[in-house]
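Input: a single structure, listed below in structure tokens.
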Amino acid sequence: MDLLDSILNAMDAPPANNEQQKTLIKKQREMMERMQNKQKEELLRFRKYVDERMGRFAKDDRRYIEFQPLDKVHRSVIHEVAENGGFIAMSFGREDVDRHSVVYKKEHAPGEDEVTARRNGDGWNEEIAKEYAERRRERLAQEQSDKEASTSEAASSASSTSAAADQDSGEVKPTTNYKAKYAHLIGESAALQAARKTETNQSYGFVPSKNKKDVRSIEQTLADIQAKKRLRLAQQQELEQEQLAQEATTSTEDP
């Protein structure tokens with residue numbers, strides 16, 4: 001313990017803050033608090049401004065209102081007030097460059113063309129609306145044309161495939177009459193008999209062929225096989241038992 005005390009006593013104590021340093025730290029803290037309070041007051045004023053502007057917007061016949069480019073904090077205030085007021089708020093533009101918020105009435109929500117134009121940085125007015133409407137019509141017409149061309153090509157390909165299949169699997173029709181061709185050699189009746197369509201023999205031996213087909217299901221077939229195996233095993237065991245009984249009788253009769 002004496003050695004530990006001596007080491008602790010030999011160590012330098014942490015430097016004490018002098019009055020000047022304490023005063024500097026205090027001033028910095030007070031300055032930070034003033035800045036935070038100032039930011040809060042500024043945001044409160046901005047929220048009041050947004051509330052008043054959206055209140056006027058709700059009473060007039062405008063479809064939307066635009067705000068100047070703002071940072072993320074101020075845009076979040078706009079979106080919050082818009083949501084509370086039953087409006088639609090959207091932001092367009094590049095962050096830290098021209099990112100701004102646009103607030104719409106729900107009954108005048110922006111269409112696809114307007115959203116695309118604003119995202120492209122073109123803004124929105126009557127001329128831009130006509131331009132984007134024309135672009136959309138041209139795009140839809142091109143898509144419809146491509147779709148029809150693709151459908152026509154697929155139908156043509158299917159028709160060609162079907163025709164080729166019909167040629168491969170179709171019946172071959174003779175160009176001449178077999179009966180008339182060989183009638184002068186084998187006679188009319190023989191030619192007619194030779195040209196008759198061949199029919200499958202329905203009976204083989206004394207039992208019709210349809211009675212020889214196995215109509216059992218796979219499950220029934222497996223069950224029958226297992227039954228046959230069990231029967232053979234039982235017969236084999238019975239035979240073995242008889243043999244053992246005979247051997248036992250023989251050994252008993254022997255002196």
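The values are calculated or read from the model by the stated rules, or taken from the named source; none is laboratory data. Given the structure is predicted, the values throughout are model-derived calculations rather than measurements. Neighbour counts run over all protein chains shown; Cβ positions are idealised from the backbone, glycine included. Calculation scope for accessible area: heavy atoms of the full protein, side chains included, ligands and nucleic acids excluded. Shrake-Rupley method; radii C 1.70, N 1.55, O 1.52, S 1.80 Å.
In table form, for the structure just shown:
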read-out: Spin-label pair SER156/GLU83, simplified geometry with 7 Å Cα→Cβ offset, distance in nm; value: 5.5 nm
read-out: Taking only Cα atoms of region 24-121, radius of gyration then Dmax in Å; value: 16.7, 58
read-out: Distance in nm between pseudo-label sites at ARG94 and ARG56 (7 Å out along the Cβ direction from Cα); value: 3.2 nm
read-out: Region 98-153, accessible area per residue, ligands and nucleic acids excluded (1.4 Å, Å²); value: 70 Å²
read-out: Estimated FRET transfer efficiency (LEU140, GLU107; beta-carbon r; R0 35 Å; 0.05); value: 0.85
read-out: R0 of 35 Å, Cβ-Cβ distance LEU43-GLN21: FRET efficiency to nearest 0.05; value: 0.55
read-out: Förster-model FRET efficiency, 25 Å R0, MET35 and SER76, C-beta, rounded to 0.05; value: 0.80
read-out: Segments 42-49, 30-37 sorted - mean Cβ within 10 Å per residue, highest first; value: 42-49, 30-37
